[in-house]
Each structure stands twice: as C-alpha cells, then as structure tokens.
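A.B. asks: One structure, as structure tokens, below. Some questions next.
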Number of protein chains: 2
Amino acid sequence: MPEFRKRGKEMVDYVADYLEKIEKRQVFPDVEPGYLRPLIADSAPQDPESFEDVFKDIEKIIMPGVTHWHSPYFFAYFPAASSFPALLADMLCGGIGCVGFSWLETVMLDWLGKMVNLPEEFLAGKDGQGGGVIQGSASEATLIALLAARTKTIRQVQSEKPELTEAEIMGRLVAYASDQAHSSVERAALIGAVKIKSVPSDETFSVCGSALKKVLDEDKAAGLIPFFFCATLGTTSCCSFDKLLELGPICNKENIWMHIDAAYAGSAFICPEFRHLLNGVEFADSFNFNPHKWLLVNFDCSAMWVKKRSDLIGAFKLEPLYLQHHHQESGLVTDYRHWQIPLGRRFRSLKLWFVLRMYGVKGLQEHIRKHIRLSHQFEHSVLQDERFEICAEVVLGLVCFRLKGSNEVNEALLKSINDAKKIHLVPCHLREKFVLRFAICSRTVESTHIKFAWQHISQLATDLLKTWGQNHHQQ
Amino acid sequence: MPEFRKRGKEMVDYVADYLEKIEKRQVFPDVEPGYLRPLIADSAPQDPESFEDVFKDIEKIIMPGVTHWHSPYFFAYFPAASSFPALLADMLCGGIGCVGFSWLETVMLDWLGKMVNLPEEFLAGKDGQGGGVIQGSASEATLIALLAARTKTIRQVQSEKPELTEAEIMGRLVAYASDQAHSSVERAALIGAVKIKSVPSDETFSVCGSALKKVLDEDKAAGLIPFFFCATLGTTSCCSFDKLLELGPICNKENIWMHIDAAYAGSAFICPEFRHLLNGVEFADSFNFNPHKWLLVNFDCSAMWVKKRSDLIGAFKLEPLYLQHHHQESGLVTDYRHWQIPLGRRFRSLKLWFVLRMYGVKGLQEHIRKHIRLSHQFEHSVLQDERFEICAEVVLGLVCFRLKGSNEVNEALLKSINDAKKIHLVPCHLREKFVLRFAICSRTVESTHIKFAWQHISQLATDLLKTWGQNHHQQ
C-alpha cells in the first residue's frame with residue numbers, strides 16, 4: 001500500500017508531464033508493425049519485476065508505437081475526449097472497483113438529457129417510462145436499439161399473423177440507414193440477422209423524407225417488413241445531418257423504430273445555438289451520443305436514451321436466481337443488466353459526475369464553441385486559397401476539403417501530409433471524390449495550431465503541385 | 001495541469017486510504033433505492049464547482065450506496081479483480097487516451113495463453129492463424145463466438161444446399177449449453193436469433209458426452225442444424241466443469257463450434273495442479289476467461305482466443321474508407337475492429353502488462369492458491385458442523401452449502417446473514433435446492449476473515465433454528 005501511494009503519485013506526474021509536453025512528441029509513430037515483438041519477452045516473467053523496470057519500458061517500448069490522440073496536431077477521425085476531472089473520476093472508479101452502480105447513472109443521464117434539452121419522455125425522472133444508460137460505444141447503442149426494435153416488431157407481427165414463424169418474420173424484416181451512415185449500423189444488422197438497406201442521401205449528404213418514403217413503399221410492396229431506421233446527426237464522413245423533421249413522422253406513421261445516432265455531434269446540442277439540429281428528436285424511440293468523443297469524458301461513455309425502458313428490457317430480460325435481488329420488483333431500481341450486452345459494468349457515471357460538475361455547463365459549452373470557431377478558422381483559410389475547395393458545409397468541428405483536381409493528386413497530398421508526421425489526418429470518400437477530413441480534436445488545440453496546420457498543408461500542396469504537373473499530364 | 005498534479009495525488013491517497021481501511025466499512029449499504037435523488041441536484045450546474053466540493057461528496061453521497069466488492073467480508077458472486085499494478089496501468093491508459101493499441105494486446109494474449117498452456121494453435125505467435133483479444137466481458141466473448149459460428153455454418157449450408165435461404169437456415173440452427181450455463185449464453189442466442197437448448201447436466205452438475213449426443217441426435221432427426229456448443233468450466237452456480245474430453249470429439253465430428261466459457265475458473269489454470277481441468281481445450285474453436293475476475297486485472301479485461309482468426313473476421317468485416325490504413329493488407333497488423341462489437345477500445349492490454357510483470361507468474365499463482373486454500377478452510381468448517389451440508393464438490397474458490405432442511409430455512413438463514421451486513425453472500429439454485437454460495441473474493445482476504453465468517457454464520461444459524469422449530473412444524 002505505501003508502494004501504491006508512492007507509485008500512484010509518480011504515475012500522476014508522468015501523466016501530467018505527458019499531457020503537458022505532448023506537443024513536442026511526433027503525433028504519429030515512426031515504427032513499423034511488428035516493432036514490438038523483438039523488444040518484449042516471449043512469455044510472462046516467473047518472478048515479479050519492479051515498478052521501475054516496468055515504468056522505464058513505457059518510454060522505451062510503448063510510447064514509440066503510440067499515436068498521440070491528444071496532441072494539438074491530431075486532426076484525424078473525431079475527438080477522443082480527455083480531461084482531468086474524468087481522469088480523477090476514473091482513478092476513483094478503479095479504486096472502488098464495484099460492478100455497476102446504477103443510481104448515479106440514472107441521475108447523470110437525466111442531467112445530460114436536460115443539457116441537450118431532450119423531451120421529458122426520454123428522462124427517468126421520478127416515475128418516467130424512459131431513461132438513459134451509459135453504453136460502451138455508439139455501435140453498442142445502435143445494436144441494442146435494433147435488437148429491441150426487432151423483438152418488438154416480431155411480437156407485433158406474430159400477434160397479427162400467428163401463422164408466421166419467427167424465422168419467416170425475420171426473413172422479411174428490413175432496417176434502413178443513410179448511405180452516409182457509420183459502418184456500425186450495417187454491422188448491427190449483420191449481428192441481428194436482418195436485412196439492411198441504404199437510403200440515398202441528397203446533395204448535402206442528408207437523408208430527406210421522400211428518399212425514405214420511396215424505399216419503404218417499394219419494400220412494403222415486395223412483402224418486406226420495414227422495422228428500424230437509424231438517422232444520423234453528424235455523419236462520420238462529413239458531419240451531415242439527416243432531416244429528422246421529415247423522417248420522424250414517416251417512421252411514427254409506419255410504426256418503424258427511429259434511432260438517432262449523434263455520436264459526435266450530440267455534444268454540441270448543449271449549446272442553445274446548435275440545439276435546432278436536434279429538432280425532431282421528439283419522433284425518435286432512442287437517441288445516442290458519445291460524451292467520450294466531444295464532452296471531455298474519457299472513453300468509454302456513450303449515452304443512450306429510450307422513451308420506453310420496457311422495450312429494451314423486453315428484448316433481453318433473463319433472470320437466474322443468483323442475479324435476483326430484493327428490490328427487483330419494486331420498479332425503484334434501474335437494472336441496467338437488461339439494457340446492454342455485457343453483464344458487468346464499470347462505475348462510469350462517476351466520470352460524468354466529475355466532468356459536469358467541475359466544468360459546469362458553461363465550461364463545456366466553451367469547449368464546444370472553441371472547437372467550432374477553430375474549424376471555421378481552418379475553413380476560412382481553405383477558402384482563401386483558390387487551389388482548394390470545401391466539400392461539405394462546415395457545421396461543427398469538421399472540415400472536408402480537397403485540392404480542385406483528381407483523386408490521385410489528393411491522395412498524394414494526404415500521403416505527403418501523413419508522411420511528414422507533423423500533423424495527422426484521415427480521408428473519406430464523398431460520392432466518387434477522395435476528400436481530406438480536418439477534425440478539430442484536442443482539448444488543448446488553439447488558433448496557432450490551426451494556423452500552423454494550414455501553412456504546412458499549403459506548403460506541401462505547393463511542393464506537390466510543382467512536380468505533379470510534370471509527371472501527370474491530366475493535371 | 002498543476003491542479004491535476006495536486007488533485008491526482010490526493011486521489012491516489014484517497015484510493016489508498018479506502019482500500020487500506022475497507023475492512024472497517026460495512027460491506028453492504030444501508031440505504032434504500034432512491035436515496036440518491038434527494039441528495040443530488042436535479043440538473044447539472046451552470047458554473048464550475050471546485051474539486052473540493054465534488055471530493056467531499058464522495059463520502060457523503062457515493063460511499064453510502066456502495067457495496068464494497070474488495071472488502072475481505074465480501075463473499076458474493078465471484079471475485080472482481082483489483083490490484084495496484086492494474087490501477088497504475090489504468091491511470092496510464094486514461095492519460096494516453098488513445099483508441100486501441102493492438103500490438104501489445106497480441107503479445108499479452110500470447111503471454112497469457114502460454115501461462116494457461118493453451119495449444120499453440122490458439123496463439124498468434126509470428127505467423128499463427130489463431131490469437132487472442134481482450135473483450136469487455138465473457139458475455140461479449142460468447143456472443144462473438146456464437147455469431148462467428150452462425151456465419152460459418154450459414155455459408156457452409158448455403159454452399160451445400162443453395163436452394164435454402166438464409167432465413168430458412170437461421171430457423172433451423174440450434175445452439176447448446178449446459179442447464180447450468182450462465183444466462184449470457186441464452187442471451188447470446190436471443191441476440192443472434194437462433195434457438196438454444198439446455199443440455200441436462202449430470203449429478204455433479206457437469207455435461208457429459210452422452211447427454212449432448214442424445215439431444216444432437218434428436219434434433220438432427222427433426223431436421224434442425226446443431227452449430228454451436230458452449231461448454232462451461234466453472235459454472236456460476238457451483239463451479240462445476242463440463243466434460244471437455246467427451247464433448248470435444250463429438251463437436252468436432254458433428255462440425256459444431258465448441259466455445260469454452262471459463263470466465264471465473266480460467267485463471268486457476270496458470271497453476272500446473274489445476275491445468276488438467278482445461279484438458280480437452282484442444283478440441284475447442286474458441287476459449288475465454290476473465291482476468292478481471294481472478295487474475296488481479298481490474299475490470300474490464302476478458303481474454304478470448306480463437307484457433308482461426310479468419311472465422312471472426314469473416315463474421316464482421318466491413319471496410320469504410322476512413323478506417324482503412326496503410327498496413328491493412330499486409331497481414332502484419334491485427335485489426336481488432338473485426339473481433340468485437342464496439343469499434344473503439346481502451347488500451348486495456350497495459351493492465352495485463354503491468355500485472356503480469358509486477359506479480360510475475362509465481363505471484364499470481366500464490367494469489368490463486370491462497371483463495372483455494374481458504375475455500376477448503378471454509379468447507380472444512382462446514383463439514384465439521386452436522387447441521388450443514390456441502391452441495392457440490394469444492395474445486396476452486398467457491399463453496400456451495402446449506403442447512404440440512406427446507407429451502408425456507410435456508411432462505412431465512414441467508415436473509416439473516418445479509419440483514420446483519422457483516423458479510424455478503426448470494427444464493428443459487430441447484431436443481432430444486434436453495435443453496436448458499438460462499439465465494440472467496442477479496443485480494444486481501446485471509447484465514448481470520450474466513451474464520452470470522454463461519455462463526456458468524458454458525459451463530460446466526462443457531463439463533464434462527466432456536467425460533468424456527470417453534471414456528472415451522474415441518475422443520
């Protein structure tokens with residue numbers, strides 16, 4: 001125990017040092033896959049090693065392979081949240097080490113739901129039918145929503161047409177999502193063993209009501225049973241928004257479960273000026289966003305709400321005796337076992353509690369607004385340079401851009417950026433176009449980093465275009 | 001940042017104090033459900049609160065509701081692992097906060113696989129076809145194994161009988177598990193939309209080959225397609241072991257995926273004297289145990305191995321451009337996205353690295369052996385008291401026992417134990433019998449705690465039986 005006091009404090013200093021000086025580390029590692037094997041023993045040691053031995057290997061063995069997600073030069077994917085209050089809460093969570101603690105979770109999800117102004121029906125309150133739960137990821141949330149919808153629909157169809165077997169019904173169920181939706185939606189359908197179809201998005205990469213209506217009509221005419229639509233707010237590719245106010249009434253009328261995946265964008269809805277992007281949530285059955293992306297709560301913390309808890313519980317409930325407890329039937333206890341895939345769970349609500357209190361709503365709004373300001377700064381720089389174009393409306397913290405020209409020249413530009421390893425970006429495809437994604441990620445990123453990143457990209461483009469013209473005549 | 005250095009060290013001290021003095025806390029809370037709502041604001045604060053404000057609420061608001069899983073008086077469920085090396089590693093994991101880091105994970109799962117002497121085929125090595133992955137829980141591992149088996153079987157059947165649709169095949173698939181198996185197996189089948197049947201266990205609560213053979217023959221005769229069997233090593237109820245050496249060859253012959261769930265028991269296989277319990281693993285397709293239960297690695301860390309990585313990857317692979325990377329096609333990188341349900345993942349292998357090195361294999365063996373010694377100490381006490389009986393063979397750290405007599409008197413005994421709140425136990429049913437489970441859980445539990453627990457139980461039994469005879473004539 002004295003050892004833990006000593007080493008724990010050294011680790012606090014190490015983590016503080018790491019984050020304080022992260023800017024000086026190369027954002028993307030130099031090592032090649034397989035670098036680790038020769039550095040590390042083939043099997044576990046028989047005798048204990050000292051903390052010092054392990055500790056010095058962090059810099060020697062681990063760090064050379066780490067991509068520094070919290071570097072202010074990291075602009076890839078979407079943000080991975082990190083903050084001191086969340087780190088402190090996670091230390092406490094590990095120390096207590098209990099399996100689940102649902103009471104705080106219910107209250108924290110109500111807090112968070114109120115922060116994004118969710119309709120009352122999604123809150124647990126004192127006697128609501130809805131409520132929130134922390135999942136590990138948006139993928140899990142989507143899967144669970146799809147499974148709940150599947151069970152609900154099978155039961156409904158069976159009560160109307162008792163001659164159909166479950167397998168026959170399953171064979172006719174269809175789920176839908178935008179052609180811009182995250183791959184996890186397709187995966188959820190794969191796991192749930194139901195068909196899934198892409199709904200074509202419009203020229204702004206959003207799904208509108210008429211597009212959904214069209215595929216629904218076709219599928220119903222073919223004898224299929226539409227049962228689930230996953231709307232995306234803030235797609236991964238370009239942060240586009242499906243048109244909830246058109247889609248919601250269609251889903252309600254057709255008795256289709258509407259799930260909203262706002263994994264990244266959802267955190268922005270705590271700012272009143274962005275809340276309109278969530279209008280239409282009142283038509284949804286379930287809603288999810290990831291505080292572990294953009295709300296400074298370290299991974300994992302994916303917040304999910306449903307209007308009817310009974311829909312989730314109905315899909316999963318199984319009761320062996322060793323898991324029964326005294327208050328089970330009272331309705332007072334939220335038993336999250338029935339809300340998720342794993343049975344055990346970490347005490348993740350502590351992170352929300354620390355972060356929401358130590359930042360306050362205003363502090364979190366500032367964080368969101370800073371990121372959006374910086375994305376517009378980058379957008380502005382791109383627009384000033386007539387060699388480049390912006391490929392999708394910049395709404396939140398993501399800028400999709402490219403050199404006017406071929407996919408090949410843009411692939412070459414991205415390669416030169418990532419080979420230089422001063423900043424890190426990933427690409428996406430928008431229709432047939434290869435596009436560079438510039439996502440504002442780090443908690444500590446500032447205007448100067450954006451300025452540097454743009455100058456760097458611009459210079460690499462200049463260097464590239466100098467030789468590109470000679471070697472690629474189509475340019 | 002200076003704030004984090006200061007507060008982080010205070011938190012280290014708080015956690016150290018908590019664990020050092022945990023024995024003095026009442027193991028099970030006094031509060032009733034709903035106690036939290038009146039103590040906590042209705043919504044998140046607008047302005048930041050100080051760390052002190054949050055910190056002082058830990059004792060005031062959180063602790064009164066906590067069940068102290070690491071108290072040496074906690075004997076419920078199964079152990080939840082906790083150790084200082086794992087806590088230190090989790091601090092580092094949070095600090096780095098990167099999404100996944102697969103290289104260390106592959107090596108650590110090889111280390112762990114070698115520790116339990118898994119057949120070579122399950123290891124990744126330099127160019128193996130198998131390998132390990134860290135899942136969040138045994139429930140996830142079971143689900144993923146079942147899904148991989150489902151996809152593999154559907155493809156096989158389709159290639160043999162192209163006239164069958166996927167829905168028709170799905171309607172005929174059957175999974176199997178012991179009637180003693182964990183509820184998560186049934187849930188996996190529910191999610192995967194396939195039938196599941198219980199195989200009757202024998203008088204030692206183990207499934208033997210003939211029992212499986214019988215249901216397989218019946219089901220095949222009825223036109224069903226058996227595709228998955230989940231064997232349990234160390235059931236949750238009474239820590240019984242299915243007979244792998246009989247079951248494995250049947251599964252192999254019938255082309256049924258055999259998954260082994262050794263969630264709790266698996267850690268014991270690092271001791272040569274218990275390794276024989278795993279004999280027959282060579283017939284399995286996948287194997288799972290939870291270092292976060294009994295190997296001192298804090299939750300979550302559930303280790304899963306497969307013989308053929310391609311089976312898992314085949315079931316899940318989906319490739320949007322923004323997730324493609326340079327080394328994708330080289331086969332050098334293990335891309336765990338295709339091995340699990342969530343897309344993101346914490347850097348969980350750090351915990352294994354710290355724990356395996358700082359304890360060494362010998363240190364971990366000592367931990368396991370101490371627990372098993374203590375369970376036999378408790379068993380011995382029970383056997384000395386002729387009012388009691390042992391209900392299942394004590395193999396590892398779990399003792400199932402009861403008063404000779406009715407279920408009612410045993411329910412009353414459990415209630416009096418848990419109402420006294422000096423120790424905490426949960427029950428199970430073995431066939432028609434209500435049974436008390438005494439699981440050795442805490443890392444710091446010692447012989448004196450076992451002695452105290454037994455004397456306490458024995459005294460409560462005496463008190464109970466004094467009045468019970470007057471009020472319950474059947475006694």
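Bear in mind these aren't lab numbers, they're just calculated from the coordinates by the rules spelled out. Keep in mind that this is a model prediction, so the values were computed, not measured. No Cβ is skipped: glycine too gets one built from the backbone with ideal geometry, and neighbour counts run over all protein chains shown.
A.B. asks: Between the alpha-carbon centers of the stretch A:237-273 and the stretch A:110-169, tell me the distance in whole angstrom.
C.D. replies: One Cα centre to the other: 15 Å.
A.B. asks: Which one, B:164, B:146, B:399, projects farthest toward the positive side of the charge dipole computed for chain B from Cβ point charges (K/R +1, D/E -1)?
C.D. replies: Of the candidates, B:399 comes out farthest on the positive side.
A.B. asks: Go through the stretch B:44-132 and name the trypsin sites (Lys or Arg not before Pro) that are in a DSSP coil and have 16 or fewer other Cβ atoms within 10 Å of their Cβ. Walk me through the numbers on the way to the answer.
C.D. replies: Working: sites: B:56, B:60, B:114, B:126; in loops: B:126.
Of the trypsin sites (Lys or Arg not before Pro), the ones in loops of the stretch B:44-132 whose Cβ has at most 16 other Cβ atoms within 10 Å are B:126.
A.B. asks: Over the stretch A:99-346, what per residue volume does the convex hull of the Cα atoms give, in whole Å³? Intermediate values should be presented prior to the final figure.
C.D. replies: Working: hull volume 31.7 nm³, N = 248.
Spread over its residues, the Cα hull of the stretch A:99-346 gives 128 Å³ apiece.
A.B. asks: Just to confirm my numbers, what's the Cα centroid distance between the stretch A:9-28 and the stretch A:210-226 in Å?
C.D. replies: Taking the Cα centre of the stretch A:210-226 as reference, the centre of the stretch A:9-28 is 53 Å away.
A.B. asks: Let me confirm one metric for peptide B:417-427, namely the mean number of other chain beta-carbon atoms within 10 Å of its residues' beta-carbons.
C.D. replies: Values: counts 0, 1, 0, 0, 0, 0, 0, 0, 0, 5, 3.
Partner Cβ neighbours, averaged per residue: 1.
A.B. asks: Run the dipole for the stretch A:99-346 about the Cα centre, Lys and Arg Cβ at +1, Asp and Glu Cβ at -1, nothing else charged, and hand back the magnitude in debye, nearest 20. Could the numbers behind the result be given before it?
C.D. replies: Numbers: 24 positive and 29 negative charges, 56 e Å.
In debye, rounded to 20, the stretch A:99-346 gives about 260.
A.B. asks: Given +1 on the Cβ of Lys and Arg, -1 on the Cβ of Asp and Glu, and no further charges, what dipole in debye does the stretch B:1-143 carry about its Cα centre, rounded to the nearest 20?
C.D. replies: Working: 12 positive and 22 negative charges, 56 e Å.
For the stretch B:1-143, the charge dipole is close to 260 debye.
A.B. asks: From the helices alone, meaning DSSP H stretches of at least four residues, give me the mean residue ellipticity at 222 nm for chain B, per-run term -39500 (n - 2.57), in deg cm²/dmol to the nearest 500. Show your work: numbers first, answer last.
C.D. replies: Numbers: 14 runs with 202 residues, N = 475.
So the helix-based figure for chain B works out to -14000 deg cm²/dmol.
A.B. asks: Could you tell me the extents of chain B's C-alpha atoms along the three principal axes, largest first, rounded to whole Å?
C.D. replies: So the extents along the principal axes, rounded to whole Å, are 69, 67, 47.
A.B. asks: Now for a separate question. Shortest first and in nm with one decimal, please list how far the residue B:57 label point sits from its counterparts in the other copies (point 7 Å along Cα→Cβ).
C.D. replies: Result for residue B:57, in nm, nearest copy first: 4.0.
A.B. asks: Measuring nothing but label to label, 7 Å from Cα along Cα→Cβ, what are residue A:411's distances to the other copies in nm, shortest first?
C.D. replies: Inter-copy label distances (nm, one decimal, shortest first): 7.0.
A.B. asks: Turning to a different aspect of this structure: In the structure displayed, which of A:9/A:422; B:114/B:307; B:293/B:422; B:9/B:56 lie more than 26 Å apart, Cα to Cα? Please list the in-between numbers first.
C.D. replies: Numbers: A:9/A:422 32 Å; B:114/B:307 14 Å; B:293/B:422 23 Å; B:9/B:56 16 Å.
Violating the 26 Å limit, Cα to Cα: A:9/A:422.
A.B. asks: Compute the label-point distances linking residue A:276 to its equivalents in the other copies; points lie 7 Å from Cα along Cα→Cβ; give nm, one decimal, shortest first.
C.D. replies: Label-point separations across copies, in nm and ascending: 7.5.
A.B. asks: In the structure displayed, which of A:351/B:21; A:197/A:433; A:243/A:351; B:21/B:60 lie more than 26 Å apart, Cα to Cα? Walk me through the numbers on the way to the answer.
C.D. replies: On the way: A:351/B:21 24 Å; A:197/A:433 22 Å; A:243/A:351 32 Å; B:21/B:60 17 Å.
A:243/A:351, as the Cα separations exceed 26 Å there.
A.B. asks: Let me ask something else. Just need the relative contact order of chain A here, percent rounded to a whole number, with Cα pairs under 8 Å and 6+ apart. Could the numbers behind the result be given before it?
C.D. replies: Values: 802 pairs, mean separation 100.7, N = 475.
Computed value for chain A: 21 percent relative contact order.
A.B. asks: Which entries in the list A:24/A:421; A:308/B:195; B:370/B:404; B:220/B:253; A:370/A:451 go over 22 Å, if you measure between the two C-alpha atoms of each? Don't skip to the answer; put the middle values down first.
C.D. replies: Details: A:24/A:421 12 Å; A:308/B:195 27 Å; B:370/B:404 29 Å; B:220/B:253 14 Å; A:370/A:451 15 Å.
The answer is A:308/B:195; B:370/B:404.
A.B. asks: Something else now. Kindly provide the GluC sites (Glu not before Pro) of the stretch A:147-191 that DSSP labels as loop, not H, G, I, E or B, and whose Cβ sees at most 16 other Cβ atoms within 10 Å.
C.D. replies: Numbers: sites: A:160, A:163, A:166, A:168, A:186; in loops: A:163.
The qualifying sites are A:163.
A.B. asks: Moving on to the next point. Could you run the Debye sum over the Cα atoms of the protein assembly as shown, one equal point scatterer each and no solvent, and tell me log10 of I(q)/I(0) at q = 0.05, 0.10 Å⁻¹, two decimals?
C.D. replies: -0.29, -1.24
A.B. asks: Using the Cα centre of the protein assembly as shown as the reference point, and only Cβ charges (+1 on K/R, -1 on D/E), how large is the resulting charge dipole? Debye, rounded to the nearest 20. If you can, show how the numbers build up before the last one.
C.D. replies: Values: 106 positive and 114 negative charges, 133 e Å.
Using only the charged Cβ atoms, the result is roughly 640 debye.
A.B. asks: Give the relative contact order (percent, whole number) for the stretch B:86-153; include only Cα pairs under 8 Å separated by 6+ residues. Could you put the intermediate results ahead of the total?
C.D. replies: On the way: 40 pairs, mean separation 14.6, N = 68.
That works out to 21 percent.
A.B. asks: Find the centroid of the Cα atoms in the stretch B:350-381 and in the stretch A:426-475, then give the distance between the two in whole Å.
C.D. replies: A separation of 53 Å, based on Cα centres.
A.B. asks: What does the average come to when, for each residue of peptide A:50-57, you count the partner chain Cβ atoms lying within 10 Å of its Cβ? Write down the numbers at each step before the final one.
C.D. replies: Working: counts 2, 6, 0, 2, 10, 3, 0, 2.
Across A:50-57, the average partner-chain Cβ count within 10 Å equals 3.
A.B. asks: In peptide B:143-150, what is the residue-averaged number of other protein chain Cβ atoms found within 10 Å of each Cβ? Write out the running numbers ahead of the final one.
C.D. replies: Values: counts 3, 1, 0, 0, 3, 0, 0, 2.
Mean number of neighbouring Cβ atoms from other chains: 1.
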